[in-house]
Structure formats: structure tokens, C-alpha cells
Amino acid sequence: MRTQIFNLMVTVALLMIGTGRVSAAEQLERYEFLQIQMGVPFRITLYAGNDAAANKAARAAYARIKQLNGVLSDYDPDSELMRLCRSSGPRKPVKVGRDLERVVSASLKLSAKTGGAFDVTIGPVVRLWRIARRKKQMPAPMALADALDRVGHRHVRLDTKQHTIELRHEGMRLDLGGIAKGFAGDEALKVLKAHGVTRALIDGSGDIVAGDPPPGKTGWIIEVAAVTRKPTGRVPKPTVGIPSEPQTAKPLRLILSNAAVATSGDAYQNVKIDGKRYSHIINPKTGLGLTRSSSVTVIAENGMAADSLASAVSVLGPERGLKLIGTRKTRAAMVVILHDGQPRKHATKSLARFITTD
């Protein structure tokens, strides 16, 4: 499961990076805003009629993301998620709010569908690997075995009538790092639309949610540099994926509207221990970070689906992962695996409909 850096938020000033009139007919201007939320940069690009409307909508969207961090963070000990993990246990269901219920419900459904390749209960193992990456030492075998004993999505009982969650094994810890940023992007877009802003793009450090296209355009152009090493140069924004060192794969240019795209990769978050490279993406079956270097890009109908599916496909690998994406017209995926130093690309047939040469 992919884990993200969820922390107590460091909120920076709402920053208008630039404006420019783009459509005289609609009298809309382009605005870009940036804040650190959920421990990562969240960039909002939107079109509005004036500065006041743009700033009001963006502030409300960021406020919603901040609120969700207080619900879903596994770094903040006071978040609703962490209170649940402390309070629940066998025969101890805990009442939860609507947001946490929705995200856990979606997580459990995907956990079941993937046979546990995506598992919301991976928290105990994730905690061990955070220490391992910091110390550059493998988790102790007995500690890892103990953590794995507390992993298993089947041990989570969600009661949608009573709005409760019960963790049916002692010491369970949920981790929503592979789904929460996508959900936050979806919710931020809803807030923008409630403020009359429908032409918007939200980029939560690579988890991108697109609304209506810019004026006069059919969609948002998003460049995906889907390779598996750290960047050596600047990549045009908005972008997802990881540029290579050196650049070995030509970036894809996608065109999206009212859809989302997410990329899961190990170029930025990995650790080398005893000469072996381990990804921050953990296989819930083994409790180990993935060792194959890969980049997975998923397009879906919303951010929560794209984010979580990218995490799941990373663990499943190209063959099983692309089967998971299926044949829906709203979904597509690309998996790039580094093999003998060269990227090998696997993709669904549906990816072609999202690619543009513009």
C-alpha cells in the first residue's frame, strides 16, 4: 500500500502565483494557489471572474482539506482516525463521522476486491518501515511478524446503519495514506463548485482531480513522466509521475476533464538496506517494501478511486493490476517497470482515449 506523508499541517499563506485573462467571452481569469496541506503541496488552479471570487473559493477548498487531515491523518495523534485506533477493539465499536466512514468503506471494498493487495489495516507494518527508512535498518523479524498478525481487512467491521467501526483484533492500526489525498481532492473540488467555480484542477503532490476544462479547451493537459528514477530537471506543471535519471521515457500528455489521475512510484520514497532497494510501497502479504522499481499511473472517475487503485496496482504488478482496472471507459492505467535499467511499459487499451498530442 502506498503511504503518504500525513502530518500536522503546516499552513502557509494562500499564495496567488499568477493570473492572466484567458477568455474575453466568459470574462474569466486563471488563478493558481499553493498551500502545504496533509504534509504535501496542494496546488489549485482555477478560473474565476475576479480576485475576490477566486480567493474565497480557494480558501474554502483549503479549509476543507485541512478539516479532512484532522479526520484521516495517521500522524496526528488527535485525528479522528487515531482516536478510533486507540478506542476500538474486540466488541468495542466506535461511532465515526461521515467522512471517515466513507473512506474506510471504500478502502474495505478495494481490500476485498484485491484480496488484500490494498489493505487499510497495514498501519502496524507501515510504522515499522518508517523507522526502518530513518535508521536504514530492516525491521526486526519478530517485530514484523507481530505487526503482520495485526493486519487483515476482514477484522474491520463497519456498520453503516449505526455508523460505527470495530477493530476486532487488539493493536490494529488503520492507514489511509493510499486513498486520503485523492478523497481530499474530490472534496476540495466539490467546495469550489459550491462557490460557483467549476473550471478547476487540484494537484495534491501528484494526485490530480480535474473539473470542467479551461475556457475554450476540451480538457486539462497533464503531463505524466512515468519512469522510475529521481528527476534531474524541471517537469512542466501540472505533472504526475517520476522523471528519470537520465530521461529514458517520453512523457505522456493526457487530456482530462471531470476525472482524476494518480501516480504511485518509488523514486522519491525508498531506502537501500544491505545493498537492496526497498520501496515505501508495502506488500501487505509479506510486510516488505516492494523491490521492483516501478511507476503506476491510473485514470479514474474521481480522485479517491485513482489514488487507491494506483496503490493497489503497484502491489499487484502489471498483469493482475491492469485486470483490476477493467474495461470501464472512465478508467485507464499504465505501469512502467524498470528492467535491466530500461523502462518497460504496460497499459490498458483505454489509455489511448486520454492521450493527446497537443
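The values are calculated or read from the model by the stated rules, or taken from the named source; none is laboratory data. Just so you know, these numbers come straight off a predicted model, no measurement behind them. So basically every Cβ, Gly included, is an ideal-geometry build from the backbone, and we count neighbours across all protein chains shown.
Screening L128 against (1) outside any loop (DSSP other than H, G, I, E, B); (2) closer than 30 Å to A260 by Cα leaves a single unmet condition, (2).
Among the residues of region 52-68, not a single one is surrounded by fewer than 19 Cβ atoms within 10 Å (Cβ to Cβ), in contact with a strand residue (DSSP E or B) (Cβ under 8 Å, 6 or more places away or on another chain), in a loop (DSSP other than H, G, I, E, B) and not charged (D, E, K, R). Taking every residue in region 138-155 that is closer than 23 Å to G115 by Cβ and at pLDDT 95 or above and pairing it with any residue that is assigned to a helix (DSSP H, G or I) and charged (D, E, K, R), at least 6 positions away or on another chain, the pairs with Cβ-Cβ distances below 8 Å are A147/R127. Within region 82-109, the set of residues being under 18 Å from D307 (Cβ atoms) and in contact with a Gly (Cβ under 9 Å, 6 or more places away or on another chain) comprises S107 only.
Starting from residues that are of a type outside the set (V, I, T) and in contact with a His (Cβ under 8 Å, 6 or more places away or on another chain), keep the ones in region 320-355 and report whichever is surrounded by the fewest Cβ atoms within 10 Å (Cβ to Cβ). I'd like the intermediate steps shown before the answer.
Looking only at region 320-355, we keep the residues that are of a type outside the set (V, I, T), and these are 320-324, 326, 328-329, 331-334, 338-347, 349-354.
Filter once more, so that each one left must be in contact with a His (Cβ under 8 Å, 6 or more places away or on another chain): 322, 334.
Details: L322: 22, M334: 26.
Once the filter is applied, the top-ranked residue is L322.
At least 2 residues being of a type in the set (G, A, S) and not assigned by TED's automatic domain parsing to the domain that holds I337 is the threshold, and among the strands (runs of 3 or more DSSP E) wholly inside region 171-229 those reaching it are 200-204. Note on region 270-318: enclosed strands (runs of 3 or more DSSP E) holding 1 or more residues that are in contact with a helix residue (DSSP H, G or I) (Cβ under 7 Å, 6 or more places away or on another chain), touching a residue at least 24 places away in the same chain (Cβ under 8 Å) and not hydrophobic (A, V, I, L, M, F, W, C) are 294-300. Just one of the listed residues (R2, R83, R43) is crowded, with 18+ Cβ neighbours inside 10 Å, among the basic types (K, R) and at pLDDT 95 or above, namely R43.
Inspect all residues belonging to region 87-99 and state whether any of them is surrounded by fewer than 18 Cβ atoms within 10 Å (Cβ to Cβ) and under 18 Å from the mean Cα position of the chain (by Cα). Outline the logic, then answer.
Let us first name the residues in region 87-99 that are surrounded by fewer than 18 Cβ atoms within 10 Å (Cβ to Cβ), namely 87, 89-92, 95, 97-98.
Adding the requirement that they be under 18 Å from the mean Cα position of the chain (by Cα) leaves none.
Checked region 87-99: no residue is surrounded by fewer than 18 Cβ atoms within 10 Å (Cβ to Cβ) and under 18 Å from the mean Cα position of the chain (by Cα).
No other residue among L34, L8, L28 is of a type in the set (A, V, I, L, M, F, W, C), within 26 Å of D307 (Cβ to Cβ) and either modelled with pLDDT of 95 or more or in contact with a strand residue (DSSP E or B) (Cβ under 6 Å, 6 or more places away or on another chain) (or both) apart from L34.
What are the residues in region 320-336 that are basic (K, R) and at pLDDT 95 or above, if any?
Filtering region 320-336 down to residues basic (K, R) leaves 320, 323, 328-329, 331.
Of everything in region 320-336, those that are basic (K, R) and at pLDDT 95 or above turn out to be R320, K323, R331.
Only residues that are at pLDDT below 90 and either part of a loop (DSSP other than H, G, I, E, B) or in contact with a strand residue (DSSP E or B) (Cβ under 9 Å, 6 or more places away or on another chain) (or both): list them for region 337-353, please. Matches in region 337-353: I337, L338, D340, G341, P343, R344. When T356 is tested against (1) over 25 Å from K217 (Cβ atoms); (2) polar (S, T, N, Q); (3) touching a Gly at 6+ places or on another chain (Cβ under 9 Å); (4) modelled with pLDDT under 95, only condition (1) is not met.
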